[in-house]
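Remarks on the structure that follows.
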Amino acid sequence: MWIQSAEVRPSSRANVHHAVVYIRPPDSKWLRGAPLGVPFTISTLNREKMRHQSHETDSDMLLVYAPGSSPDRWPEDIAKFIPAGSDLVFQMHYTTNGHAVKDQTSVGMVFAKHPPAQRVFTLQLANDHDRIPIPPGADNYRVEVSGTLPNDCTLLSFFPHMHLRGKRFEYNLVHADGQTETLLRVHYDFYWQLSYRLAEPRFLRAGTKLQAIGWYDNSVNNPHNPDPESPCAGVTRRTTR
């Protein structure tokens, strides 16, 4: 099915920090053997391979939700594709507020009326393999991740994502001569995360290098920091369409 628009709706918005809905096609080996139809956590997976797969995937995303997110709506000539027989895999991240609650997050979709001219892919880069501790008290700690596009594409939007110590985020193009071109530079708010859509979509050639940089504040000046005396892992993750 071709998807023209989609929306994630948590039933307990106060506790859902993010929800990622992955499209797992029937020929994918990603997380095969994990429970179906019931929630599970990384620690409950009984094979090291599956625990490793929980941190990375080459599956497309249907969409991402975080506080502040709006539904994804695509123009009539582009759409998301869900192959027949695919699973939708929900990755949920909950935050506590001192009260016991229940959540049943759902996803709504509007199907396209006809096959589009172009297909939308949502890709992510993350430095999960490089979990360098952010020193206690560091107020401007820099973490970087980059990747090269395997095909020609049209860049539509960005979704910067960090956690409580996130401070600001930047996306750059790295040109062949080493010069960088900044596409987006924003301050980060754990409680209000936005998808940034380009006013004019940007055509990019295969081989283009995309760079994402995050800065973290692990100091007492960060009101969201639960423990400025503790080192923590800085995970820079960026999603592009």
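The values are calculated or read from the model by the stated rules, or taken from the named source; none is laboratory data. Fair warning: this is a prediction, and the values are worked out from it, not measured in the lab. Neighbour counts are summed over all protein chains in view; Cβ atoms, including those assigned to glycine, are modelled from backbone coordinates with ideal geometry. Areas reflect the complete protein model, heavy atoms only, side chains present, ligands, DNA and RNA absent. Shrake-Rupley method; radii C 1.70, N 1.55, O 1.52, S 1.80 Å.
Here are some notes:
- Residue check, Pro26 over 17 Å from Val110 (Cβ atoms), out of contact with any Ser or Thr (no Cβ under 8 Å at 6 or more places or on another chain) and either assigned to a loop (DSSP other than H, G, I, E, B) or modelled with pLDDT of 90 or more (or both): no
- When the stretch 225-236 is filtered for residues that are open to solvent by 10 Å² or more (accessible area, probe 1.4 Å), at pLDDT below 90 and closer than 13 Å to Lys167 by Cα, only Val235 remains.
- Taking every residue in the stretch 126-138 that is on the phi > 0 side of the Ramachandran plot and pairing it with any residue that is surrounded by 13 or more Cβ atoms within 10 Å (Cβ to Cβ) and at pLDDT 90 or above, at least 6 positions away or on another chain, the pairs with Cβ-Cβ distances below 9 Å are Gly137/Asn218; Gly137/Ser219; Gly137/Pro228.
- Some residue of the stretch 22-31 being over 16 Å from the mean Cα position of the chain (by Cα), touching a residue at least 12 places away in the same chain (Cβ under 8 Å), farther than 20 Å from Trp192 by Cα and open to solvent by 30 Å² or more (accessible area, probe 1.4 Å): yes
- Residue check, Thr57 within 26 Å of His187 (Cβ to Cβ) and β-branched (Val, Ile, Thr): no
- Residues being under 19 Å from Gly207 (Cα atoms) and crowded, with 18+ Cβ neighbours inside 10 Å - total across the stretch 159-179: 2
- Of the strands (runs of 3 or more DSSP E) lying entirely inside the stretch 46-154, those containing at least 2 residues that are open to solvent by less than 30 Å² (accessible area, probe 1.4 Å) are 60-65, 78-81, 141-148.
- Summed over the stretch 58-107, residues that are at positive phi and touching a residue at least 60 places away in the same chain (Cβ under 8 Å) total 2.
- Among residues of the stretch 213-224 that are touching a residue at least 40 places away in the same chain (Cβ under 8 Å) and under 24 Å from Phe158 (Cβ atoms), those with a beta-carbon under 7 Å from a residue that is part of a loop (DSSP other than H, G, I, E, B) and hydroxyl-bearing (Ser, Thr, Tyr) at least six positions away or on a different chain give the pairs Gly214/Thr236.
- Flag if Asn140 is within 13 Å of Gly214 (Cα to Cα), in contact with a Lys or Arg (Cβ under 9 Å, 6 or more places away or on another chain) and at pLDDT below 90: no
- Count of residues meeting criterion [without any contact (Cβ under 8 Å) to a residue 12 or more places away in the chain and of a type in the set (Lys, Arg)] in the stretch 41-57: 2
- Residues in the stretch 161-192 that are part of a strand (DSSP E or B) and aromatic (Phe, Trp, Tyr): Phe169, Tyr171.
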